[in-house]
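These notes are about the structure you will find just below.
The values are calculated or read from the model by the stated rules, or taken from the named source; none is laboratory data. Please read these numbers as outputs of a predicted model, since none were measured by experiment. Virtual Cβ from ideal backbone geometry, glycine too; neighbours counted across all protein chains shown. Areas reflect the complete protein model, heavy atoms only, side chains present, ligands, DNA and RNA absent. Shrake-Rupley method; radii C 1.70, N 1.55, O 1.52, S 1.80 Å.
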Amino acid sequence: MAKDIDHSLEQKLLHALFFLFGFGIMAWVPRFPEVKAHLRLQNGAFGSLMSTGSIGAFFGLLTVGHIIHRFGAFKVTLVSILILFTSLGIVVHVQSSFLFLIFNILFGFGITAVHVSLNSQGFHFLERSKINLITSSAGYWSAGALTTAILSGFLVDRVGLILHIDFLSAILAIVMCTLVFRLKSVLLESNADSDHDYSIKEIFTGFRIDWPVSLGMACAVYLEFAIGDWGTIFTKDRLEINAGLSAAPYIVFTAMMIFGRLLIHRLLPRAPLYLWVKRATLLAGISFGVCIIVATHLSASLKWWSFSLFVIGFALAGLGSSFVGPSFFAAANRRSSQPSAVVVGQFGVVNNVLIFGIKWIVAWTIQFTGSIALAMMIPTVMIIASVFFANSLKEDSKAKV
């Protein structure tokens, strides 16, 4: 194996890892109705149980960046991949809510650990090559999520949930670990001899919160979380169509996210990023909200008109929200003086805490009102509110911490 890898090959390998990462963790999303039925839970309890992945994510975000800074990315990335796919393979087997809770927390930790590892390497690549992969990598992640959503929708009622996820987890773990070995020579190395050793005490005393980008990020990305958690169940329960077809709006949403993330670089010469973010969030929030409200008030005899409105609303939401989250994410790193691996983790902690609380609010709004449509107005308002934080994306903006 060659000691050095040129920037072109490294970029391709990183994009492949992001694609496989998205492909793996989103594989079970279109099959959430089966997971809920397997656990024999109602919407509120299922939503609350699903949100516990945020507990594992919280600890991952708090610690993994520091671990990478101390020990380097190679071993941390390999272990993270194994934790991720082992927990995913197990979580679909369990029928006990308690066991699901444990392995879902572990799954959340695995997702975050891989997320921090890959994005830290993305920032490391930016520092060395001056090529920004953050938005395009998010596009490849979304492409993986879209591909797996289509595949999962096709496999519903054809291949069992457990066989599907077990086989997928094993294959992806092997392939991703192989790619990490190929990248070993250019991965972030340990900084154990640096001025900061990032001890347990310093993890907390050195914690910094950049509120404008953190709140902007949370407002911008929760629509994607909400659609991922409830989009398939929403369409299936509301329109009473088969599980495979109910995944179509989510697939369209993801496809438009990919399109938007790959398109934004061509639009930047025409206007600054923060202006595009303002326009995009208004497009996403207003169009999604209007389409959902109209669709849910049509009579049952017009269910295919409702379905069409769902698809249009999800499409415009995907396009409008596509590059907003990655933009706030990149701004967090630019505005901070700390190592990129630490920034990824600390920024994610704040975002994760906010998302965790919102997920519970949405889940129990659905449980008490019986209306997923009403609960979807929460992420609609949030993404519109992200307009107020867009100025933090200006190149000359500075963190006040």
Task: Enumeration of residues in the stretch 139-191 that are outside any helix (DSSP H, G or I) and either without any contact (Cβ under 8 Å) to a residue 12 or more places away in the chain or among the acidic types (Asp, Glu) (or both) - done: ASP157, ARG158, VAL159, GLY160, GLU189
Open item on the list: If I filter the stretch 36-43 for residues that are open to solvent by 10 Å² or more (accessible area, probe 1.4 Å) and modelled with pLDDT of 90 or more, do I get at least one hit?
Closed with: no
Open item on the list: Being buried (at least 22 other Cβ atoms within 10 Å of the Cβ) and over 17 Å from ALA363 (Cβ atoms): is that true of GLU10 here?
Closed with: yes
TODO: Can you work out which of the residues in the stretch 216-271 that are assigned to a helix (DSSP H, G or I) and of a type in the set (S, T, N, Q) is surrounded by the most Cβ atoms within 10 Å (Cβ to Cβ)?
DONE: THR254
- [ ] Please work out if ARG279 is open to solvent by 50 Å² or more (accessible area, probe 1.4 Å) and outside any helix (DSSP H, G or I).
- [x] no
Open item on the list: Of all residues being β-branched (Val, Ile, Thr) and under 20 Å from ARG261 (Cα atoms) in the stretch 147-165, which is most open to solvent (accessible area, probe 1.4 Å)? Just the residue, please.
Closed with: ILE150
- [ ] Determine which single condition MET382 fails, assuming it passes every other condition in (1) at pLDDT below 90; (2) touching a Leu at 6+ places or on another chain (Cβ under 8 Å).
- [x] (1)
TODO: Return a yes/no flag: does the stretch 129-146 have any residue that is open to solvent by 70 Å² or more (accessible area, probe 1.4 Å) and under 27 Å from ARG31 (Cβ atoms).
DONE: yes
